[in-house]
Each structure stands twice: as C-alpha cells, then as structure tokens.
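The values are calculated or read from the model by the stated rules, or taken from the named source; none is laboratory data. Fair warning: this is a prediction, and the values are worked out from it, not measured in the lab. Using ideal geometry, Cβ is built from the backbone for each residue, glycine included, and neighbour counts are taken over all protein chains shown.
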Protein chains: 4
Amino acid sequence: MTATTTQADLATLVRGAVDQALARTRLTLAGARRLAEAAEAEGRTMGVPIVVAVVDAAGGLMLLHRMDGALPASTELAANKAFTAVQFRMATHELGALAQPGQPLYGVGASHQGRIVLFGGGYPCRAGETLIGGLGISGGTVDEDMAIATQALRAFSD
Amino acid sequence: MTATTTQADLATLVRGAVDQALARTRLTLAGARRLAEAAEAEGRTMGVPIVVAVVDAAGGLMLLHRMDGALPASTELAANKAFTAVQFRMATHELGALAQPGQPLYGVGASHQGRIVLFGGGYPCRAGETLIGGLGISGGTVDEDMAIATQALRAFSD
Amino acid sequence: MTATTTQADLATLVRGAVDQALARTRLTLAGARRLAEAAEAEGRTMGVPIVVAVVDAAGGLMLLHRMDGALPASTELAANKAFTAVQFRMATHELGALAQPGQPLYGVGASHQGRIVLFGGGYPCRAGETLIGGLGISGGTVDEDMAIATQALRAFSD
Amino acid sequence: MTATTTQADLATLVRGAVDQALARTRLTLAGARRLAEAAEAEGRTMGVPIVVAVVDAAGGLMLLHRMDGALPASTELAANKAFTAVQFRMATHELGALAQPGQPLYGVGASHQGRIVLFGGGYPCRAGETLIGGLGISGGTVDEDMAIATQALRAFSD
C-alpha cells in the first residue's frame, strides 16, 4: 500500500516534471503576450510606435501587434525579423554582418521568398540552450528597435 | 469675457467632435485587442483553440493571436479571412455563396495572390455605416469559427 | 515642277494615311482617358463608385482610376478584367461561361498568376477587326459593371 | 431664438470642421488627377514620357497614367515607387541611401514581395504632418523623375 502510494506519487511527480520541461521548450500565447507587453511598454516610454511579432521555434507566427501610428512597412518587417532569427538561430544584425558584400553569406537575402531581414530588431528566444521562438520589433530606427527588443527579452526572462 | 469663454468652449467642442469622428473611422490596437479577447474567451468556452486576426480598413494586419494547440493552417486562414471581408466588404460565407459554380463571382478566389477565403469566419467590422476593419477566426469547424466571430463582434459593439 | 509638287504632296498624303492607320491600331493615353471619363460618368449616374482600368494590346496597364468609395477588391479586379479580356480576346463573361465545371476551359483561372477573371466587366477594345486594348470595370454588381463598361465602349467608338 | 440660431450655427460649424479634418487625412481621385496632370505637363515640357502613379495612405493604387512612348518597365516602377514612399514614409532616394551596403537598412529591398524601390522618384504626399498618400514617377533618368515629381508636388500643394 505504501509501495502503491509511492508509485502513484512518483508517476505524478514524473509527469509534472515532463510537463514543466516541455513547457520550457515552447512558447505559449501567454508568453508571447508578455513579450509583446514588455516591448510595447518600452516603445511607449521611448515614444516609438512599433510592430511586435512573436514566432514559434518553427518560424510560425504566434502573435502580431501593430501599435497605433506605426510605420506601414513595419508589419511585414517585424514578422520577417522574428522569422529570420529563428531560421538562422541568430539575431538579424548578426546575420546582416555576415551578409555584407565580401562576407560569407553575401546574397542570403534572396532566399526564403523575401522574408530574410539583414538589419537589427530580430532575436531568437531561448529557454536555456533550447530555441523556443523568435521576437521581431520594427517601427523606430534600427538602434531603437534593438533596444526595445533586448529590453523586452530581459523583462521576459526575469 | 463671456464671449471668450464661449469661444474657448467652442474650440474644445469642435476639437472633441473632430477627434471622435476620426476615432470612429478607424480601429485601434486597443479595439483589436478587445475583439481578440472576446473571441479567445468564446474559443476557450467552446474548447476550440483558434487563431484570431484583425485587419484595418485597408486590409493591413493589426493583430494576430494563435491560441495554443490551434490548427497550423489557421494562421494563414484567419489572416486571409479578415483580409477578404475588408476587400469585399462582406462576410466570407456571403462571398463564398456568390463564388460557387454558376454564380456571379465564380472564380474570384484566384485573385489577390491566393488571399481570398470563400468559407465562413471572416467579417467586416463597421462603426455605423463605416467599414473600420475586419475580423478573421479559424481553428474550429466553419460553424464554430462563425459562432465565435459573431459572438466577439457582438461583445465588441456593446 | 508640277510633277515634283505632286510627288511631295503624295508623300505627305501617304505619311498621313499611315499615321492614321497606325493610330487606329493602338490606344493612346488620351483615348484611355476618354474611356475612363465615359465609365466614371456612367458610374456617377448609377451611383456606383468604380475602378476603371485600361490596358494596351499586350495587356500592359495604361490607366487606372479608383473613384472615391470604391470597393477595395476592385482595384485588382478591374486591372485583371482588362488583362483577361486582352489575353483571351474575349469579354470576361464569355470566358467565364467556358470555364464552368464541365465546360472546355474549366480550370483556366489557375493560370497567369491569378490574374484571370471569369465574370463580367472586362472587354476587349477593337478598332475595326484589330484588338487595340482592354477595358476593365469593377465596383458594382457584375451586371452594373457590364452596363457601365458597354456604355463607355459605345461612347468611345462614337 | 438667438440661442437656437447659435446652436444651428454651431452644428454647421462642427460638421464643417469634421469634414475638413477628414478630407485632410485622405487623397481623393480629383486630387490624384491634379497631381498626375502636373507631372504629365512637366514630362511634356522636358520631353520625357513618364508613368505616374498615386497611392493612398495605405499604399493602395488610386491612379496610374502611362504617357505614350513611356519605358515598358516604368509601369511597375512608378507604382512601386509610390508604394515604397508610403510604406517607409520617406522618399525612395532617402530609403536607398539607408539601404546601401554597410548602411542601417541594407537588404530591405528583399521585403514586400519585390515592391521596394531604392532610387529616386517616389515621394510621400502629406497634408501638414499627416501622410495622405504617395506619388511615383518613372520614365526618364532618376534625376528627371525626381525633378518631375517634386515639381508636381509643389504645384499640388499650391
């Protein structure tokens, strides 16, 4: 009886641990929403209306928010920044450095039906070592987009 | 002095009326978020994980939320349903009825780079007579998608 | 001397006739504008804001006018109706009849990157037997679009 | 009675202010036509047959005119210049400077399904601070296109 109880407890314990581990390997809509809220708060503070996009580990769009007054081009750019960061598992500005004339990935922007962005504002989201999704911010200067995205990722991991 | 007060009041009144008139002709991110929350609440109640998309009066994407567990195809379908409803200023199931073989708009689905959806779940959002955007729901059966969308639109207009 | 004069006159005469013949085989911007004005006048009379598109004999867009308040989808549809009429050298409703299930051209709408329209409102423009371009009207019901287009073509040939 | 009159006057005043405010936030077909006429007159003066395109604040095509003898490529280029200027809220030559190798937006031309133009001839149209549309000119050298567009915009704002 004690043995049975222990076994049931153990099963519950294992199941809980597995669920938690799985949860850490994927981004939920709730998580994407927290990322977006952090980014939008930062955008408001800086006076920069942005578009924020969150994609899953396969590059599929999970969330897109366009703040009022955002640059029209930013809807596509934010989504593509998040997509690019997941496809190459690196920030878009890192990919951009590799894609300049004479650099190893010159011309990479022609692939993926025009969805590759080579300037800053797209970041992979990781849980520990695991890639769980991507974040794309567009609306301000490249420096502003990068500052907003990194601030949102920091707030998210806390 | 009374005259001055009146003039100041008048200016405030006019400015308020103008702001209200402009506000009525566009959907804000806050409004899109309320639409999404109403749709997601209905989806949870029905046990149907959905993707909800909101577009502006020109068909530009303002918000997309993918609930956890939603059908992969639903991301594109929800966005395209909202787009279609704005482009044709009618619900997608109404357009679908007109696009059957032998009906007036047979073949219309080939246009707009494959972004036209001919089954239910896409609706125009209006403020009075003015088209201010579109809502697209995908994830359940067509009947479920339509029920969720109409419920969200009802909650939104209240 | 009389002979010389006659020869010069003759040359002028021939050149004029050739120019006139060539002019009849192509649509000019002035001609496209007259077509558009006739269509827009008819649209105003009927209370139907339309998009009017005129293409040359190769299907290239020469003129597009979107009347205020026209259906968003109509920009692409009007242009594609004019294109279709030239590509198949027949009115779009005639092509549509051939493209119904069981008919000879069933499935033709899949070709030409989604630019084929299978319902009324697109017409070839001819000078005598020669195809010189195409006219596309979209904005009302299919019947209204066809009435506006045929009225504009009639006004144009007068 | 004075009160009643005042109220009626007030209502008229408010309605007028609202209408004016709304009018200032959008370009009409009549406005687009005036822009096109100014551009075409300038093109004729310079002996450069051009294509002129006007888009609304969301990038939707409102008017396209192809002058007789214009470069075939110019139809797509003029439309895309106007689209680009609205999407990025800046002239196309300004975007082009930011998109050179080593510059902040290098690679941006890959986005928006090939509709981004990085050389001169596309300009945003503003009413005060408000973006109301875009103008694209193509047909001459880049310098000629820019001269024609700026001349047309100047004539339009007068």
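Results for (1) in contact (Cβ under 8 Å) with a residue 60 or more places away in the chain; (2) among the small types (Gly, Ala, Ser); (3) more than 14 Å from residue D:110 (Cα to Cα), shown as yes or no for each residue.
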position	(1), (2), (3)
A:87	no, no, yes
A:97	no, yes, yes
A:109	no, yes, no
A:117	no, no, no
A:129	no, no, yes
A:132	yes, no, yes
A:151	yes, no, yes
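In the range C:28-61, which residues are touching a helix residue (DSSP H, G or I) at 6+ places or on another chain (Cβ under 8 Å) and part of a loop (DSSP other than H, G, I, E, B)?
Passing the criteria: C:48, C:49, C:50, C:57, C:58, C:59, C:60.
Filter the range D:1-54 down to the residues that are at pLDDT 85 or above and within 14 Å of chain B (Cβ to nearest Cβ), then identify the one that is farthest from residue B:10 (Cα to Cα).
D:27
How many residues, within the range B:134-149, are under 30 Å from residue C:107 (Cβ atoms) and touching a residue at least 40 places away in the same chain (Cβ under 8 Å)?
Of the residues in the range B:134-149, the ones under 30 Å from residue C:107 (Cβ atoms) are B:134, B:136, B:138, B:141-143, B:145-146.
Narrowing the set further to residues that are touching a residue at least 40 places away in the same chain (Cβ under 8 Å) leaves B:134, B:136, B:138, B:142, B:145-146.
Selection size over the range B:134-149: 6.
How about the range B:138-158: which of its residues are surrounded by fewer than 24 Cβ atoms within 10 Å (Cβ to Cβ) and charged (D, E, K, R)? Give the derivation first.
Applying the first criterion (surrounded by fewer than 24 Cβ atoms within 10 Å (Cβ to Cβ)) to the range B:138-158 yields B:140-144, B:146-147, B:150-151, B:153-158.
Matches in the range B:138-158: B:143, B:144, B:154, B:158.
Restricting attention to the range C:29-41, report how many residues are surrounded by fewer than 22 Cβ atoms within 10 Å (Cβ to Cβ) and within 16 Å of the chain's Cα centre (by Cα). Step through it out loud before you land on a result.
Residues of the range C:29-41 surrounded by fewer than 22 Cβ atoms within 10 Å (Cβ to Cβ): C:29-31, C:33-34, C:37-38, C:40-41.
If we keep only those that are within 16 Å of the chain's Cα centre (by Cα) as well, we get C:29-31, C:33-34, C:37-38, C:40.
Within the range C:29-41, residues that are surrounded by fewer than 22 Cβ atoms within 10 Å (Cβ to Cβ) and within 16 Å of the chain's Cα centre (by Cα) number 8.
Kindly provide the set of residues from the range D:53-85 that are of a type in the set (Gly, Ala, Ser) and without any contact (Cβ under 8 Å) to a residue 60 or more places away in the chain, ordered by number. Walk me through it before giving the result.
Quick first cut of the range D:53-85, residues of a type in the set (Gly, Ala, Ser) only: D:53, D:57-60, D:69-70, D:73-74, D:78-79, D:82, D:85.
Within the range D:53-85, D:58, D:60, D:69, D:79, D:82, D:85 qualify.
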